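Asker: Structure incoming, see below.
The values are calculated or read from the model by the stated rules, or taken from the named source; none is laboratory data. From a predicted model like this one, the values you see are computed outputs, not experimental measurements. Quick reminder, even Gly has a Cβ in these numbers, built from the backbone with ideal geometry, and neighbours come from all protein chains shown.
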């Protein structure tokens with residue numbers, strides 16, 4: 001795993017992006033920035049990580065990017081909060097550009113402070129030091145903290161599939177804890193899928209068993225085949241027409257899937273938003289829907305059903321009755 005970067009240093013790196021690229025006189029800060037960059041190895045690591053994010057919006061109109069980052073600064077100044085918190089607030093409010101796509105795609109503060117992350121539409125496979133197999137789905141971020149007594153993984157954002165490793169260097173095996181903002185999961189010899197969705201966590205056990213504990217301490221043991229939502233209010237069964245492991249195959253296959261549920265899922269794999277009429281939310285659709293090319297999948301839906309799909313921009317798709 002890559003080296004963890006303290007959140008305050010990430011905040012400083014974000015501040016330098018804004019100062020160097022969005023101010024009226026960026027050249028005045030160049031020397032000071034170079035001094036900051038050379039002061040600490042973590043500064044350079046943070047800048048490299050933030051720079052990866054910058055590359056993703058390099059082709060966007062500069063006034064749009066500038067407007068968004070200035071909103072971050074205004075929000076931060078008004079509420080006396082960190083830039084990372086301001087970015088998160090903007091994401092929740094959806095005020096960066098009309099469609100909110102820029103925030104979704106380019107200001108994921110969780111990615112900046114994570115050990116490993118994926119962009120929208122990307123998946124990544126990893127093997128951790130203990131032999132654990134980890135797959136990150138689209139727009140996800142994780143960090144790890146393994147010590148002599150505990151294996152700890154923190155899901156910061158998105159969705160992962162995880163098969164706990166044999167931990168061959170330790171006997172007995174160290175406990176494995178997957179932590180999230182909603183609660184934690186204790187697992188051993190377990191294969192499971194975790195998905196963060198706003199204020200709740202979907203836990204789908206594929207093999208073995210695990211103990212799920214929410215932030216208030218309520219707990220339950222879930223076994224192979226169980227699919228539950230974990231939240232501060234309790235643990236409830238997850239009812240979805242889309243299997244929790246569908247994304248591992250690169251497609252969603254099923255019969256009578258509510259169109260709204262399918263469109264919400266497709267939206268996770270593309271930049272921007274998919275806007276659809278409320279009357280279409282329950283329209284049943286069947287078939288095999290590819291996740292690697294959501295444009296093609298949307299066009300297929302339009303041909304197969306009485307719906308119209310308009311690509312207003314690359315980032316804004318509108319689905320209406322035909």
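Asker: Being in contact (Cβ under 8 Å) with a residue 60 or more places away in the chain and touching a strand residue (DSSP E or B) at 6+ places or on another chain (Cβ under 9 Å) narrows it down to one residue among 245, 264; which is it? Break it down stepwise before answering.
Answerer: Working: 264 fails: in contact (Cβ under 8 Å) with a residue 60 or more places away in the chain.
Within the list 245, 264, the selection yields 245.
Asker: Something else: Going residue by residue through region 195-205, is there one that turns out to be closer than 23 Å to residue 148 by Cβ and surrounded by 15 or more Cβ atoms within 10 Å (Cβ to Cβ)?
Answerer: No, region 195-205 has no match at all.
Asker: Let me ask something else. Between 264, 310, 295, which is outside any loop (DSSP other than H, G, I, E, B), under 19 Å from the mean Cα position of the chain (by Cα) and not assigned by TED's automatic domain parsing to the domain that holds residue 225? Walk me through it before giving the result.
Answerer: Values: 310 fails: under 19 Å from the mean Cα position of the chain (by Cα); 295 fails: under 19 Å from the mean Cα position of the chain (by Cα).
Testing whether each residue is outside any loop (DSSP other than H, G, I, E, B), under 19 Å from the mean Cα position of the chain (by Cα) and not assigned by TED's automatic domain parsing to the domain that holds residue 225 leaves just 264.
Asker: Looking at 322, 302, which is the one that is farther than 30 Å from residue 135 by Cβ, surrounded by 12 or more Cβ atoms within 10 Å (Cβ to Cβ) and in contact with a strand residue (DSSP E or B) (Cβ under 6 Å, 6 or more places away or on another chain)? It would help to see each step written out before you state the result.
Answerer: Working: 322 fails: surrounded by 12 or more Cβ atoms within 10 Å (Cβ to Cβ).
Only one candidate qualifies: 302.
Asker: Being touching a helix residue (DSSP H, G or I) at 6+ places or on another chain (Cβ under 8 Å) and at pLDDT 70 or above is the filter here; which residues of region 46-63 pass it?
Answerer: 46, 47, 49, 50
Asker: Within region 285-299, how many residues are farther than 20 Å from residue 268 by Cβ and surrounded by 13 or more Cβ atoms within 10 Å (Cβ to Cβ)? Don't jump to the end; show me each part of the working.
Answerer: At the first step, the residues of region 285-299 found to be farther than 20 Å from residue 268 by Cβ are 286.
Right, trim to surrounded by 13 or more Cβ atoms within 10 Å (Cβ to Cβ) and you get none.
Looking only at that region, the number is 0.
Asker: Also, I was wondering about something else. Report, by residue number, each residue of region 267-292 that is in a loop (DSSP other than H, G, I, E, B) and out of contact with any helix residue (DSSP H, G or I) (no Cβ under 6 Å at 6 or more places or on another chain).
Answerer: As a first pass, look at region 267-292 and keep what is in a loop (DSSP other than H, G, I, E, B): 268-272, 277, 281-283, 291-292.
Within region 267-292, 268, 277, 282, 291, 292 meet the criteria.
Asker: Yes or no: region 196-205 includes at least one residue that is part of a strand (DSSP E or B) and over 27 Å from residue 119 (Cβ atoms). Reasoning before the result, please.
Answerer: Going residue by residue through region 196-205, those that are part of a strand (DSSP E or B) are 196-197, 200-205.
This time we only want the ones that are over 27 Å from residue 119 (Cβ atoms), so: 205.
Within region 196-205 (the criterion being part of a strand (DSSP E or B) and over 27 Å from residue 119 (Cβ atoms)), the answer is yes, since at least one residue qualifies.
Asker: Here's a follow-up. As an exercise: evaluate residue 233 against (1) more than 18 Å from residue 321 (Cα to Cα); (2) not assigned by TED's automatic domain parsing to the domain that holds residue 212 and give the number of the one condition it does not meet.
Answerer: (2)
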